[in-house]
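Worksheet for the structure shown next.
The values are calculated or read from the model by the stated rules, or taken from the named source; none is laboratory data. The shown structure was predicted, so the numbers you read here are calculated from the model rather than taken from an experiment. Cβ sites come from the backbone with ideal geometry, for glycine too, and all protein chains shown count toward neighbours.
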Amino acid sequence: MASTTGLSSLGLALACLALSGCKTPAPYVWVDALPAQAEPAEKEYLIQPGDQLAVRVWGQDSMSAKARVRPDGRISLPFLDDVEAAGVTPSALGKRIQARLKEFVVNPVVTVSLEDLRPVAVSVLGEVTRPGLYQLDQGAGVLPALAAAGGMTPFADKEGIYVIRKRKGAGDPERIRFTYQALTGARGPAATFRLQGGDVVVVD
């Protein structure tokens with residue numbers, strides 16, 4: 001039989017769960033407080049699954065094709081079937097295809113270009129019109145994610161917009177806080193922040 005003290009403690013715990021004032025706020029960091037990141041050096045893009053490629057073989061229309069990189073990192077091309085494409089640059093892939101085409105063509109010349117980059121998959125939850133998973137353009141920020149979800153509801157806290165991002169390695173996810181005013185001001189870290197695949201946008 002449970003003691004009176006135990007029942008009282010249980011009742012207090014349940015009462016705290018029912019009252020928002022008893023909640024312990026989850027830790028977060030303001031986007032303005034994030035360490036400044038140096039602009040990455042310009043480098044050639046590495047092909048990823050989901051990218052749409054145009055492969056052109058000079059003078060050989062039947063060997064040229066458009067192909068989307070599959071989840072296994074490969075593309076299918078005429079005469080060659082599967083070719084590993086993910087993780088290399090377009091120019092490196094062109095050389096790889098050239099080497100394989102030499103058994104069919106004398107001195108093949110191959111160019112590979114990107115037609116469509118893989119979209120970024122981001123979940124948008126909380127006080128938005130249409131919570132769900134959305135595919136955004138590479139380099140999209142928080143505002144396009146909110147727009148994709150139909151905007152915020154009348155009950156949304158414009159001071160409580162968060163991006164939850166997995167940290168590299170072990171540890172709890174990072175919780176980055178934004179205000180709607182900072183996002184729409186088009187200035188500072190909030191305006192230049194870029195979402196990554198797997199991010200979760202939450203509006204309180």
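Inside segment 154-179, can you point out the residues that are over 16 Å from Y28 (Cβ atoms) and more than 15 Å from the chain's Cα centre (by Cα)? Steps first, answer last, please.
From segment 154-179, those over 16 Å from Y28 (Cβ atoms) are 154-156, 168-170; that's our starting set.
Hits for segment 154-179 are P154, F155, A156, G169, A170.
Only one of these is of a type in the set (D, E) and under 21 Å from D51 (Cα atoms): D157, D116. Name it.
Criteria check complete, one pass: D116.
Taking K95 as meeting all but one of (1) closer than 18 Å to L53 by Cβ; (2) out of contact with any strand residue (DSSP E or B) (no Cβ under 7 Å at 6 or more places or on another chain); (3) part of a loop (DSSP other than H, G, I, E, B), write down the number of the exception.
With (1) closer than 18 Å to L53 by Cβ; (2) out of contact with any strand residue (DSSP E or B) (no Cβ under 7 Å at 6 or more places or on another chain); (3) part of a loop (DSSP other than H, G, I, E, B) applied to K95, the lone miss is (3).
What about R56, is it surrounded by 11 or more Cβ atoms within 10 Å (Cβ to Cβ), within 25 Å of the chain's Cα centre (by Cα), modelled with pLDDT of 90 or more and not assigned by TED's automatic domain parsing to the domain that holds Q181? Step through it out loud before you land on a result.
Working: surrounded by 11 or more Cβ atoms within 10 Å (Cβ to Cβ): yes; within 25 Å of the chain's Cα centre (by Cα): no; modelled with pLDDT of 90 or more: yes; not assigned by TED's automatic domain parsing to the domain that holds Q181: yes.
So R56 fails the test.
List the number of the failed condition for D137; all other conditions in (1) modelled with pLDDT of 95 or more; (2) exposed (fewer than 13 other Cβ atoms within 10 Å of the Cβ); (3) within 26 Å of R187 (Cβ to Cβ) hold.
(1)
Going through V69, V88, V120 one at a time, which residue ends up being of a type in the set (A, V, I, L, M) and surrounded by fewer than 19 Cβ atoms within 10 Å (Cβ to Cβ)?
Being of a type in the set (A, V, I, L, M) and surrounded by fewer than 19 Cβ atoms within 10 Å (Cβ to Cβ) holds for just one of V69, V88, V120, which is V88.
Filter segment 140-168 for residues that are among the small types (G, A, S) and farther than 15 Å from G198 by Cα; which is surrounded by the most Cβ atoms within 10 Å (Cβ to Cβ)? If you could, list the steps in order and put the result at the bottom.
Let us first name the residues in segment 140-168 that are among the small types (G, A, S), namely 140-141, 145, 147-151, 156, 160.
Within this subset, residues satisfying the condition of being farther than 15 Å from G198 by Cα are 147-151, 156, 160.
Values: A147: 14, A148: 19, A149: 23, G150: 13, G151: 13, A156: 18, G160: 16.
My answer is A149.
Report, by residue number, each residue of segment 161-175 that is within 19 Å of V203 (Cβ to Cβ), modelled with pLDDT under 95 and in contact with an Asp or Glu (Cβ under 9 Å, 6 or more places away or on another chain).
R165
Pairs, please: C-beta under 6 Å, at least 6 apart or cross-chain, first residue part of a strand (DSSP E or B) and in segment 176-204, second of a type in the set (D, E, K, R) and surrounded by 16 or more Cβ atoms within 10 Å (Cβ to Cβ)?
Correct list of pairs: V203/E127.
Does R68 fit the bill of being modelled with pLDDT under 95 and either farther than 21 Å from Q138 by Cα or among the charged types (D, E, K, R) (or both)? Quick ask: steps written out before the conclusion?
Values: modelled with pLDDT under 95: yes; either farther than 21 Å from Q138 by Cα or among the charged types (D, E, K, R) (or both): yes.
Answer is yes for this residue.
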